[in-house]
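Read the figures in this text as sums done on the coordinates, not as results from a lab. Every value quoted in this text rests on a predicted model; they were computed, and no experiment measured them. Cβ sites come from the backbone with ideal geometry, for glycine too, and all protein chains shown count toward neighbours.
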Amino acid sequence: MRRLRARLAGEGGSAIVEFVFIALVVFLPLVYLVAGFSAVQRGVFAATEAAREAGRALGTAPDAVTGLARAEAAVAIAVEDQSVEATDVVLAYAPVGAGCGAAGGYRPALTPGEEFIVCVTVTVRVPLLPDFIDANTATGEFVVERDRYVDG
């Protein structure tokens, strides 16, 4: 028994070293991955919710000027709710069938029965990466169909 104790006496303190090594090698990258994935998911949620709310604001507006102002306000509120910077958000419109890739040149007139797509693109910033790396974008789209029977 004495020989065993004498042999293990030289191992004192090695558990702390092993724990610190494992924590640095495994735990820190795992925490960074979780933070990165949550940032990307937050951007996706912000884009889809902003497109939906902007579409609903436009669909119920009495005229185009009021509707566009309401849509911009709805987008700002929706992205703020997900803690995304409003400077990284682009609101655009496209005709039905064109998709969000062709968004930007279309402006809804809000005539009865009009259909269009609301596209919101959010630039997702992953924590601890430089600002010039902004290739990660999330795009949300929402199809709006104005009611055919509107007063006015």
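Charged side chains reduced to their Cβ positions (Lys and Arg at +1, Asp and Glu at -1) give the range 63-152 a dipole of some 160 debye around its Cα centre. Taking packing as the residue-averaged number of other Cβ atoms within 10 angstrom, the listed peptides 112-119, 46-53, 27-34, 99-106 run from highest to lowest as 46-53, 112-119, 99-106, 27-34. Whole-Hz Karplus values for the range 88-103 come out as 9, 10, 10, 10, 9, 10, 9, x, 4, x, 7, x, 6, x, 9, 6 Hz, taken residue by residue from phi with 6.51 cos²θ - 1.76 cosθ + 1.60 and θ = phi - 60°; glycine and proline positions read x. Computing P(r) over Cα pairs in 10 Å bins from 0, in percent for the structure here picks out one of (1) 8, 12, 10, 10, 10, 9, 9, 8, 7, 7, 5, 2, 2, 1, 0; (2) 11, 29, 21, 12, 8, 7, 5, 4, 2, 0; (3) 10, 37, 36, 14, 2, namely (2).
Computed packing ranks the peptides 65-72, 139-146 as 139-146, 65-72, most packed first, by mean other Cβ atoms within 10 Å.
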